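First comes the structure, then the notes that go with it.
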Amino acid sequence: MPLPAFEDLPFHERPDLTPYLIHLTKNTRTEDKYSALDNLTSILRTGRIDGSNKGKGFIKGPHRAACFMDVPFMALKYVLTKENCSAHNPRYEPYGIFVGKKFAYKTGCRPVLYLSNTERSKLCIPASESWRVVRFEGSDKGWISWIHEREWRCKDHFELPANPFGVLVKSVKDAQKLQALIHEQPSEFTAVPRCIIPLNVICQGLPKV
């Protein structure tokens with residue numbers, strides 16, 4: 001029996017499935033005064049998503065990793081909560097870029113391995129592959145769990161296609177601003193999105209932060 005093509009996989013049979021991966025940006029004002037939209041624009045200019053800093057504890061081992069979520073667009077309103085979108089120290093903001101899983105897989109992006117520290121040790125995962133592992137621990141004392149993110153990672157950094165599927169911004173105003181910038185300075189952008197989607201439209205509103 002032949003294996004199904006990517007387009008034949010059951011992405012449309014359940015509302016929690018999607019053929020896309022999303023990389024969200026956030027502001028880095030405490031470091032360089034950039035907003036989340038500035039950082040998204042920078043990614044489009046360079047055509048690359050740089051890996052997260054391994055020194056901050058989220059990425060284990062000697063490699064950085066570019067991180068994505070396997071989450072449908074409409075479900076992002078449950079990710080972009082007041083707690084996650086703190087103005088001074090956000091985990092996420094409603095800005096990002098999305099690519100097809102088919103392209104991401106071909107370029108080395110993979111679902112992470114959710115493992116406890118004990119399981120990681122028993123499986124003898126080498127340090128060079130530790131970028132794939134996200135800690136997952138459960139006990140009577142409490143839980144460490146990020147499985148709701150359905151995270152995928154790419155080692156070191158992720159090179160975007162010249163025309164990625166699209167980008168996500170907070171509002172129509174942001175979409176118009178980014179569209180005008182790309183139109184005015186086309187030679188400055190290595191990656192030009194096929195569409196710009198306002199999340200407050202696709203999510204029918206976003207939580208107030």
### Message
Regarding region 107-114, can at least one residue be identified that is surrounded by 19 or more Cβ atoms within 10 Å (Cβ to Cβ), β-branched (Val, Ile, Thr) and part of a loop (DSSP other than H, G, I, E, B)?
### Response
yes
### Task
Would you mind finding the one in 172, 192, 201 that is within 18 Å of the chain's Cα centre (by Cα) and among the β-branched types (Val, Ile, Thr)?
192
### Message
All but one of (1) closer than 30 Å to residue 135 by Cβ; (2) surrounded by 15 or more Cβ atoms within 10 Å (Cβ to Cβ) hold for residue 181; state the number of the condition that does not hold.
### Response
(1)
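Would you check if residue 17 is surrounded by 10 or more Cβ atoms within 10 Å (Cβ to Cβ) and of a type outside the set (Ser, Thr, Tyr)? First the steps, then the outcome.
On the way: surrounded by 10 or more Cβ atoms within 10 Å (Cβ to Cβ): yes; of a type outside the set (Ser, Thr, Tyr): yes.
Taking the combined requirement at face value, the residue satisfies it.
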### Query
Quick check: anything in region 177-185 under 18 Å from residue 46 (Cβ atoms) and in a loop (DSSP other than H, G, I, E, B)?
yes
### Task
Among what's in region 29-79 and is assigned to a loop (DSSP other than H, G, I, E, B) and either in contact with a Leu (Cβ under 7 Å, 6 or more places away or on another chain) or of a type in the set (S, T, N, Q) (or both), pick the residue that is surrounded by the fewest Cβ atoms within 10 Å (Cβ to Cβ).
30
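Quickly run through region 87-102 and pick out the residues that are part of a strand (DSSP E or B) and either of a type in the set (Gly, Ala, Ser) or surrounded by fewer than 20 Cβ atoms within 10 Å (Cβ to Cβ) (or both).
Scanning region 87-102 gives 96, 100.
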### Task
Could you please let me know if residue 26 is among the basic types (Lys, Arg), part of a loop (DSSP other than H, G, I, E, B), closer than 23 Å to residue 104 by Cα and in contact with a strand residue (DSSP E or B) (Cβ under 8 Å, 6 or more places away or on another chain)?
no
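Here is a yes/no grid of residues against (1) at pLDDT below 95; (2) closer than 30 Å to residue 180 by Cα; (3) touching a helix residue (DSSP H, G or I) at 6+ places or on another chain (Cβ under 8 Å):
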| position | (1), (2), (3) |
| --- | --- |
| 31 | yes, yes, no |
| 46 | no, yes, no |
| 66 | no, yes, no |
| 69 | no, yes, yes |
| 74 | yes, yes, yes |
| 80 | yes, yes, yes |
| 89 | yes, yes, no |
| 101 | no, yes, yes |
### Task
Write out, first by first residue and then by second, each pair whose Cβ atoms fall under 7 Å of each other, whose residues are 6+ apart or on separate chains, and whose first residue, in region 33-53, is under 19 Å from residue 152 (Cα atoms) while the second is of a type in the set (A, V, I, L, M) and at pLDDT below 95.
52/59
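The values are calculated or read from the model by the stated rules, or taken from the named source; none is laboratory data. Just so we're clear, the structure is a prediction, and the values are computed from it rather than from any experiment. Glycine also receives a Cβ, built like all others from the backbone with ideal geometry; neighbour counts cover every protein chain displayed.
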